[in-house]
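Below is one structure, written out as structure tokens; comments come after it.
Since every read-out is calculated from the coordinates, none of them should be taken as a lab result. Computed from a prediction, not measured in an experiment: that's the story for all the values here. A quick note on method: Cβ atoms are made from the backbone with ideal geometry, for glycine too, and the neighbour counts reach across all protein chains shown.
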Amino acid sequence: MYQEVILDHYKHPHGRGLRDGDAEVHHVNPTCGDEITLRVRLDGSRIDDISYEGQGCSISQASASVLNELLVGKEYPEAQKIQETFLELMQSKGKVEPDDAMEEVLEDAVAFAGVSKYPARVKCALLSWMAWKDATAQALSEKETA
Amino acid sequence: MTQLQLPGLLDTETIRKDFPLLDRVIHDGKKLVYLDNAATSQKPQQVLDVLNSYYEQHNANVHRGVHTLAEEATALYEGARDKVAAFINAPSRDEVIFTKNASESLNLVANMLGFADEPYRVDRETEVVITEMEHHSNIVPWQLLSQRTGAKLKWFGLTDDGRLDLSNIEQVITEKTKIVSFVLVSNILGTVNPVEAIVRRAQDVGALVLIDASQAAPHAALDVQALGADFVAFTGHKMCGPTGIGVLWGRQELLEDLPPFLGGGEMIETVSMHSSTYAPAPHKFEAGTPPIAQAVGLGAAVDYLSAIGMDRIAAHEHAITEYALKRLQEVPDLSIIGPTTAEGRGAAISFTLGDIHPHDVGQVLDEQGIAVRVGHHCARPVCLRYGIPATTRASFYLYSTPGEVDVLIDGLEHVRNFFG
Ligand SMILES: Cc1ncc(COP(=O)(O)O)c(C=O)c1O
């Protein structure tokens, strides 16, 4: 479960710290107390920045770092596809063996495949991704009403 | 491995033979080191055999038939009540109510008081007192009761070294207090709380006292008369019994006066379409078919523990706890959350390990065969109080050995290297 890639992201997180954003959310994992505050800044439909602050285990921290690395700079539809693919992998209970196509989409995030075998840890891996989804939806709907 | 000898240790080599699960090997050949006893204990063969023979030989519903099996099942179920009554030194067997766990026992008292008449009634003019170190099972029922009745919920805070702060006891427990409910031994901090001071103050103001003995009953002699409380709750699965069985002990006159909570079969005297009259306690509080096999299993667990002797079990755990506290404090970056000496504490030890999240500690220990609990241990306010997201907790029982403590220490060293 603790792939080198995961430990690397844990020890050297990408994009950590809170910066300006269009929307902010706070998500918690009640079973273990992992918490994240996450902001999304959009530039049109491009993900301009994802900034975050939180506490939690290596899996939840590394996953937030991978999220930042993967999604910042992407157009929203592509980012959404990556998020959905990651969700599918994490909900696979260890049954999905990532193929080349999946690796292409998920890059470093395929390292989390092993985590999907541990039901107690799946939520840790998904915490920041769910927070991102939530924050982005808010940012988009605010842009629409604005 | 040569066993370290500490004064007071039980003959764990013999005891461990009674617990088939302790022989398990996990993760390709790692010997299981089970240090999650505060969550639930393992079960001795003696209890498993009684459960089996109950279902194989005697299974029937209780109190409901004249046939042989029904009589045998009833005798076994009521026999378990006798055993539990003796185990906790209850003045009367009729003061022992079987529930499904400690949570149900605690909720039962909260509901008795919510529906009671004067002088017990909890309402908007009154106050309920708990502590900041309660298990969620002894917080949420009182929050529910307060929300429903308008009563004010108050609590004792904690000192920096993991003990109850009773310095303001006269402000916390007042003439308005109807009930004080607190944990005897904390499942997260390990603290043993000072019963006498709290009971004395509660009695001075005429408040009832409920003690959550979930982490006490498995580990040391429990004497409800010596405690001086009005109610004592505990749970069977932490004391070598099966899941699905808990106990509420209550003083007889209270159980006579207080109203039932759940209605159903078994708890009535007569029923008409307009109203019913109730069976005397304990049956008044045991609606429906009870957890029969589980109660019988708890009776067997109580026999098992009594045969070894609760004082000897307590001495064993004290020695293991003392040793574990000493060894844990040798681990760099490790901080114990709770009392750091074995005096006035039980055998559950929570700690943090530098910045390494408890989830990661628990996972890497598991890979080495070591089972500990991580998280907030259903006592989130304690984590908030000490400004930590969670802890890792190792908890010991009568079959725990110093060798297992050593394995834990080595395991923690490995965790530090892994994330270092
Ligand atoms: C102190 C304390 N109170 C109450 C409980 C609740 O026990 P149960 O879950 O069996 O109802 C526990 C166990 O988790 C506990 O440790």
>> Can you classify the stretch B:156-277 as rounded, prolate or oblate using the Cα gyration tensor, where a ≥ b ≥ c are the square roots of its eigenvalues, rounded means a/c under 1.5, and otherwise it's prolate if a/b beats b/c and oblate if not?
In response: oblate
>> Which three numbers, in whole Å and largest first, are the semi-axes of the equivalent ellipsoid of the stretch B:226-343 derived from its Cα gyration tensor as √(5λ)?
In response: 41, 17, 14
> Once both labels are modelled 7 Å past Cα along the beta-carbon direction, what's the A:Glu84-B:Thr174 spacing in nm?
Replying inline: 5.9
> Which value in deg cm²/dmol, rounded to the nearest 500, describes the helix-derived mean residue ellipticity at 222 nm for the protein assembly as shown, given -39,500 (n - 2.57) per DSSP H run of n ≥ 4 and division by the residue count?
Replying inline: -12500 deg cm²/dmol
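I need the calculated FRET efficiency for the pair B:His136 and B:Thr68, taking r as the beta carbon distance and R₀ as 60 Å, to the nearest 0.05. Can you show the working numbers first?
Values: r = 44 Å, r/R0 = 0.73.
Given R0 = 60 Å and the Cβ-Cβ separation, E is 0.85.
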> Rounded if a/c is under 1.5, else prolate if a/b is larger than b/c, else oblate: which is the stretch B:1-101, with a ≥ b ≥ c the root eigenvalues of its Cα gyration tensor?
Replying inline: prolate
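Compute the signed sum of charges (Lys and Arg +1, Asp and Glu -1) over the other residues within less than 15 Å, Cβ to Cβ, of B:Ala216. Write down the numbers at each step before the final one.
Details: positive: B:Lys238, B:Arg345; negative: B:Glu134, B:Glu196, B:Asp212, B:Asp223, B:Asp311, B:Glu317.
That works out to -4.
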> Cα-based Rg (one decimal) and Dmax (whole number) for chain B, in Å?
Replying inline: 22.0, 71
> Given a Förster distance of 30 angstrom, what is the FRET efficiency for B:Glu125 paired with B:Glu253, based on the Cβ-Cβ distance and rounded to 0.05?
Replying inline: 0.80
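Counting Lys +1, Arg +1, Asp -1, Glu -1, what net charge surrounds A:Asp22 among other residues with beta carbon under 15 Å of its beta carbon? Numbers along the way, then the final one.
Details: positive: A:Arg19, A:Arg39, A:Arg41, A:Arg46, A:Lys133, A:Lys143; negative: A:Asp20, A:Glu24, A:Asp43, A:Asp48, A:Asp49, A:Asp134, A:Glu142, A:Glu144.
With Lys, Arg at +1 and Asp, Glu at -1, the neighbours total -2.
Could you tell me what percent of the DSSP beta bridges with both partners in the protein assembly as shown are antiparallel, to the nearest 5?
Numbers: 47 of 67 bridges.
Looking only at bridges with both residues in the protein assembly as shown, the antiparallel portion is about 70 percent.
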>> With 46 Å as the cut-off, how large is the P(r) tail for the protein assembly as shown, expressed as percent of Cα-Cα pairs?
In response: 24
> Given H placed 1.01 Å from N in the peptide plane, which residues other than close sequence neighbours of B:Leu158 have an amide H under 5 Å from its amide H?
Replying inline: B:Asp165
> Looking at the stretch B:13-162 from every direction and averaging, what is the projected area of its Cα convex hull in nm²?
Replying inline: 15.3
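For the pairs A:Lys133/B:Lys238; A:Lys11/A:Lys117; B:Lys238/B:Lys284; A:Lys11/B:Lys154, flag any whose C-alpha to C-alpha distance is greater than 31 Å.
Numbers: A:Lys133/B:Lys238 41 Å; A:Lys11/A:Lys117 23 Å; B:Lys238/B:Lys284 26 Å; A:Lys11/B:Lys154 42 Å.
From A:Lys133/B:Lys238; A:Lys11/A:Lys117; B:Lys238/B:Lys284; A:Lys11/B:Lys154, over 31 Å: A:Lys133/B:Lys238; A:Lys11/B:Lys154.
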> Which FRET efficiency, nearest 0.05, do A:Gln91 and B:Asp23 yield, Cβ-Cβ r, R0 35 Å?
Replying inline: 0.50
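Tally Lys/Arg at +1 and Asp/Glu at -1 over every other residue whose Cβ is under 15 Å from the Cβ of B:Leu262; what's the total?
Details: positive: B:Lys100, B:Lys284; negative: B:Glu104, B:Glu266, B:Glu286.
Net charge around B:Leu262: -1.
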> For the stretch A:60-105, what value does the Rg/Rh ratio take when both radii are computed over Cα atoms and Rh is the Kirkwood radius, given to two decimals?
Replying inline: 0.97
> Tell me, in nm to one decimal, what length is gained between B:Asp165 and B:Asp410 on full extension, where the rule is 0.36 nm per residue of separation less the Cα-Cα distance?
Replying inline: 84.7 nm
> If you take the charge dipole of the protein assembly as shown about its Cα centre, with +1 on Lys and Arg Cβ and -1 on Asp and Glu Cβ, which of B:Val128, B:Phe285, A:Gly54 is farthest toward its positive end?
Replying inline: B:Phe285
>> Could you check the spin-label model distance between B:His274 and A:Ser45? Points 7 Å from the Cα along Cα→Cβ, value in nm.
In response: 7.3
> Shape of chain A from its Cα gyration tensor (a ≥ b ≥ c, root eigenvalues): rounded if a/c is under 1.5, otherwise prolate when a/b > b/c, or oblate?
Replying inline: prolate
>> As a quick test, which of the pairs B:Lys152/B:Lys178; B:Lys17/B:Lys43; A:Lys93/A:Lys123; B:Lys17/B:Lys83 have an alpha carbon distance above 19 angstrom in this structure?
In response: B:Lys17/B:Lys83
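Taking each residue in A:57-63, count the Cβ atoms of any other chain within 10 Å of its Cβ, then average. What number comes out?
Working: counts 11, 8, 4, 2, 2, 0, 0.
Other-chain Cβ atoms within 10 Å of each residue's Cβ, averaged: 4.
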> What is the Cα centroid distance between the stretch A:66-101 and the stretch B:168-216, reported in whole angstrom?
Replying inline: 52
